[in-house]
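First the structure, in the form of structure tokens, and then the observations on it.
Just so you know, all these numbers are worked out from the coordinates, no wet-lab data involved. Everything quoted here is computed from the prediction, not taken from an experiment. With ideal geometry, Cβ positions are generated from the backbone for all residues, glycine too; neighbour counts draw on all protein chains shown.
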Amino acid sequence: MALTPSTMLPLGTQAPDFSLSDVTSGKSISPKNFSGKKAILVMFISVHCPYVKHIRQELSKLSRDYQNKDIAMIAIGANDVEKYPDDSPENLKKMAKELSLTFPICFDENQKAAQEYTAACTPDFFLFDKNQKLVYRGQLDDSRPDSGKPVTGKDLRAAIDAVLADKSVDSNQKPSMGCNIKWKQGNEPGYFKAH
């Protein structure tokens, strides 16, 4: 496991489009499905990563706290499942059920969505406003496994709450840190094509 920070995609970037199947419902999910929402949160997660395991309960809480708000949340698993079978669609589905997640979890088999978002680690969070422009990317909060700091979600929650209240999001943002995305051979970023 290589500890990896977010690439910090430039603020103002238009939400890259994708069309992926929700592992739970089988429905096709795309940011375009949520064009009427005030906010869209796209998060890259993993079943086996200790950094995601560390925040599992907060993901569940976020799911509950914001399920009736004007925000769409989409989680994406993009790891190479041949090398990391724990991150298979079946196991993503199991995690969604265990945590009672109310948002779709998609499997990015060809890793195109992860590449478009310049996702580098799990967890990696990308928050877009009603125009689907990037307003926040970075950490959930300051907590890490063994840091002794409680998981509160404060950084991400502050950004979400600002967008929902039509306020600007603080541009002083810290990268997320976690396990690197497990790229298939030939998909490794170079570090990503220039945007």
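Residue-wise test of (1) in contact with a Gly (Cβ under 8 Å, 6 or more places away or on another chain); (2) buried (at least 18 other Cβ atoms within 10 Å of the Cβ); (3) of a type outside the set (Gly, Ala, Ser).
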residue: Leu134; (1), (2), (3): yes, yes, yes
residue: Leu140; (1), (2), (3): yes, yes, yes
residue: Gly148; (1), (2), (3): no, no, no
residue: Gly153; (1), (2), (3): no, yes, no
residue: Ala158; (1), (2), (3): no, no, no
residue: Val163; (1), (2), (3): no, yes, yes
residue: Ser171; (1), (2), (3): no, no, no
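Pairs linking a residue in region 28-42 that is touching a residue at least 40 places away in the same chain (Cβ under 8 Å) to a residue that is of a type in the set (Phe, Trp, Tyr) and part of a strand (DSSP E or B), with Cβ atoms under 7 Å and 6 or more positions apart or on different chains, are Ala39/Phe128; Ile40/Phe128; Leu41/Phe125; Val42/Phe126. Screening Asp65 against (1) of a type outside the set (S, T, N, Q); (2) over 19 Å from Lys93 (Cβ atoms); (3) in contact with a helix residue (DSSP H, G or I) (Cβ under 7 Å, 6 or more places away or on another chain); (4) outside any loop (DSSP other than H, G, I, E, B) leaves a single unmet condition, (3).
If you scan region 3-30, which residues turn out to be over 14 Å from the mean Cα position of the chain (by Cα) and over 25 Å from Ala96 (Cα atoms)? Correct list: Pro10, Leu11, Gly12, Thr13, Gln14.
Looking at region 121-143, can you tell me whether even one residue there is closer than 23 Å to Lys182 by Cα, in contact (Cβ under 8 Å) with a residue 60 or more places away in the chain and basic (Lys, Arg)? Among the residues of region 121-143, at least one is closer than 23 Å to Lys182 by Cα, in contact (Cβ under 8 Å) with a residue 60 or more places away in the chain and basic (Lys, Arg), which makes the answer yes. Residue pairs whose Cβ atoms lie under 9 Å apart, separated by 6 or more positions or on different chains, with the first residue in region 67-82 and free of Cβ contacts under 8 Å to residues at least 60 places away in the same chain and more than 10 Å from Glu109 (Cβ to Cβ) and the second assigned to a loop (DSSP other than H, G, I, E, B) and among the acidic types (Asp, Glu), are Ile76/Asp108. Which members of region 83-118 meet the condition of being without any contact (Cβ under 8 Å) to a residue 40 or more places away in the chain and in contact with a helix residue (DSSP H, G or I) (Cβ under 7 Å, 6 or more places away or on another chain)? Of everything in region 83-118, just one residue is without any contact (Cβ under 8 Å) to a residue 40 or more places away in the chain and in contact with a helix residue (DSSP H, G or I) (Cβ under 7 Å, 6 or more places away or on another chain), namely Thr102. Val42 meets all of the listed conditions (1) in a loop (DSSP other than H, G, I, E, B); (2) touching a strand residue (DSSP E or B) at 6+ places or on another chain (Cβ under 8 Å); (3) of a type outside the set (Asp, Glu); (4) within 17 Å of Lys130 (Cα to Cα) but one, namely (1). No other residue among Ile29, Ile55 is under 19 Å from Leu140 (Cα atoms) and surrounded by 18 or more Cβ atoms within 10 Å (Cβ to Cβ) apart from Ile55.
Just one residue in the set Gln139, Gln111 is closer than 24 Å to Pro5 by Cβ and touching an Asp or Glu at 6+ places or on another chain (Cβ under 7 Å); that residue is Gln139. Exactly one residue out of Glu90, Glu58 is touching a Leu at 6+ places or on another chain (Cβ under 8 Å), in a helix (DSSP H, G or I) and acidic (Asp, Glu): that is Glu58.
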